[in-house]
1. List every residue pair whose Cβ atoms lie under 6 Å apart, where the two residues are 6 or more positions apart in sequence or sit on different chains, the first residue falls within region 1-24 and is within 16 Å of residue 44 (Cα to Cα), and the second residue, located anywhere, is modelled with pLDDT under 90.
2. May I ask you to list the residues in region 98-107 that are without any contact (Cβ under 8 Å) to a residue 40 or more places away in the chain and within 19 Å of residue 41 (Cβ to Cβ)?
3. Please tell me if residue 62 is β-branched (Val, Ile, Thr), in a loop (DSSP other than H, G, I, E, B) and surrounded by fewer than 16 Cβ atoms within 10 Å (Cβ to Cβ).
4. Considering region 76-97 alone, what residues qualify as being part of a loop (DSSP other than H, G, I, E, B) and free of Cβ contacts under 8 Å to residues at least 24 places away in the same chain?
Amino acid sequence: TQVLNESGLVLAACHSLVVVDDETLGDPLESASLSAMRWNVTTTTHGPSRQTRERIVPMPSTEKRTGGQALMIDSLPVTKLEILTRHHFSSKLQRMSCVVNDVDNRRVFAVVKG
């Protein structure tokens, strides 16, 4: 599935999926979008406080399927995203937004859908 890079960034970063006991839970449509892009939600721990954050990364290649591709934003590949802040869907505003960290390139994006 080919996805435009900016659209892919929104699909990969702006969602309500969470990892609980190594299982991804949340909206099936958002999960299907990530799967179609061949990206996955995992968790990582940060700093001395051992704070857990969700990390969104491309899936590796398998014998049957190619792996997820890096998203090219301003000529730099995005391969690891961490959700810093999530503003859940608001019926009144008809949108949701997230602030995400591009781990490798030390950039922060605000992404919105709705």
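1. Cβ pairs passing all conditions: 19/43.
2. Within region 98-107, the subset without any contact (Cβ under 8 Å) to a residue 40 or more places away in the chain is 99, 101-102, 104-107.
Listed by number, the residues that qualify are 99, 101, 102, 104.
3. yes
4. Correct list: 91, 92, 93, 94.
The values are calculated or read from the model by the stated rules, or taken from the named source; none is laboratory data. Small disclaimer: the values here were computed from a predicted structure and weren't measured. We place every Cβ from the backbone using ideal geometry, glycine too, and count neighbours over all the protein chains shown.
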